[in-house]
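Novice: Handing you this structure, nothing more for now.
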Amino acid sequence: MPELPEVETIRRTLNELVLQKTIDSVTVHLNRIIQLPEEVGEFCLLLAGQTIQSVERRGKFLCFMMDDFTLVSHLRMEGRYGLYDQKDPLELHTHVVFHFTDGTELRYKDVRQFGTMHLFPKGRELEEKPLKKLGLEPLAKDFTLAAFSNKLSGRSTKIKPLLLNQEYIVGIGNIYVDESLFLAGIHPEREADTLTRQELATLFEAIVKTLQEAVAAGGSSIKSYVNGQGEIGLFQHQLKMYGRKGEPCYACGQPIEKSVVAGRGTHFCPQCQPLKWKLKRVKKVKV
Ligand SMILES: [Zn+2]
């Protein structure tokens, strides 16, 4: 599943590919991708004549900002966008096609069919599901240590599921949570209210650094991820923890362990991220 850095790379790529293109018509081959409006015919009708002004992102959602509407799109497991010429043959699993007036097409492919699209009158998207109730945006200016500490501290829940909860912080999935906790030297099963003020600060910095580096890695290689047919691919970042079970930790050389935390496969280094016992619980950390 793409996480925040991958979605950000896709957003930037889309901004290069489809900006100022005007939708002539829309073809939907799989109705259930369209969640709102309920009538697919209305979805197509409303989008005809709209020009894409920009492509924004909220967490892992892409927001196509048009003249009068905002299209909110989630790729889930396997959703892909690609820019094609209208003469290009339609590939398998192409569910939605945005036909532009210049003869090109933005096509949405999704092998697993879990992706979603919601169309809102411009501005309404932030007041309704799925964007309503989303937590802090970790690459935004208002993601501060104070805001972060305020969300997490005092909670007796394990830190990993808290970081995965989109109502607290958006966009960090399983991979980048493991990477951030390793960088901060914090065991994924530590309860949030046992984290010291210093540990919260270290974790905050680790999350920002991990995501910024991943976005920079994606940003520098955008062109190589648009293939010959215009399909925007995903890329694997250089990961220090995730998927390296049994391999030596880059910091200390100990083999990396894998366990299950909150139902998710979790990688950690037992030496760099020790699980401490008998820790003092702190109600609220003031920053
Ligand atoms: Zn280590």
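The values are calculated or read from the model by the stated rules, or taken from the named source; none is laboratory data. These figures come from a predicted structure and were not determined experimentally. With ideal geometry, Cβ positions are generated from the backbone for all residues, glycine too; neighbour counts draw on all protein chains shown.
Novice: Run down E78, E56, E38 and say which single residue is part of a loop (DSSP other than H, G, I, E, B), under 17 Å from E125 (Cβ atoms) and not assigned by TED's automatic domain parsing to the domain that holds N174.
Specialist: E38
Novice: Among the candidates R11, R57, R80, single out the residue that is buried (at least 16 other Cβ atoms within 10 Å of the Cβ), in contact with a Lys or Arg (Cβ under 6 Å, 6 or more places away or on another chain) and farther than 22 Å from K129 by Cβ.
Specialist: R80
Novice: Could you check the stretch 115-127 and list, in sequence order, the residues that are out of contact with any helix residue (DSSP H, G or I) (no Cβ under 6 Å at 6 or more places or on another chain), part of a strand (DSSP E or B) and either of a type in the set (V, I, T) or buried (at least 17 other Cβ atoms within 10 Å of the Cβ) (or both)?
Specialist: Across the stretch 115-127, the qualifying residues are T116, H118, F120.
Novice: I'd like to verify a number: residues in the stretch 128-153 that are in a loop (DSSP other than H, G, I, E, B) and loosely packed, with under 15 Cβ neighbours inside 10 Å, how many?
Specialist: The total comes to 8.
Novice: Same structure, new question: L136: in contact with a helix residue (DSSP H, G or I) (Cβ under 8 Å, 6 or more places away or on another chain), outside the structural domain of A262 (by TED's automatic domain parsing) and either hydrophobic (A, V, I, L, M, F, W, C) or under 30 Å from A48 (Cα atoms) (or both), yes or no?
Specialist: In short, yes.
Novice: One residue is enough: does the stretch 74-94 have a residue meeting the conditions in contact with a helix residue (DSSP H, G or I) (Cβ under 8 Å, 6 or more places away or on another chain), of a type in the set (V, I, T) and modelled with pLDDT of 95 or more?
Specialist: no
Novice: Among R107, R112, which is the only one that is within 21 Å of the chain's Cα centre (by Cα) and either more than 17 Å from F64 (Cα to Cα) or outside any strand (DSSP E or B) (or both)?
Specialist: One residue alone meets the criteria, R112.
Novice: Could you list, in sequence order, the residues of the stretch 239-287 that are under 22 Å from T196 (Cα atoms), in contact (Cβ under 8 Å) with a residue 40 or more places away in the chain and within 16 Å of the ligand (Cβ to nearest atom)?
Specialist: F268, C269, C272, Q273, P274, L275, K276
Novice: Exactly one of these conditions fails for Q212: (1) of a type outside the set (F, W, Y); (2) under 17 Å from P138 (Cα atoms); (3) in contact with a helix residue (DSSP H, G or I) (Cβ under 8 Å, 6 or more places away or on another chain). Give me its number.
Specialist: Q212 satisfies all of (1) of a type outside the set (F, W, Y); (2) under 17 Å from P138 (Cα atoms); (3) in contact with a helix residue (DSSP H, G or I) (Cβ under 8 Å, 6 or more places away or on another chain) except (3).
Here's the yes/no breakdown for (1) without any contact (Cβ under 8 Å) to a residue 24 or more places away in the chain; (2) among the charged types (D, E, K, R); (3) in contact with a Phe, Trp or Tyr (Cβ under 7 Å, 6 or more places away or on another chain):
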residue	(1), (2), (3)
A140	yes, no, no
A147	yes, no, no
I159	no, no, no
L164	no, no, no
N174	no, no, no
D178	no, yes, yes
L183	no, no, no
H187	no, no, yes
A206	no, no, no
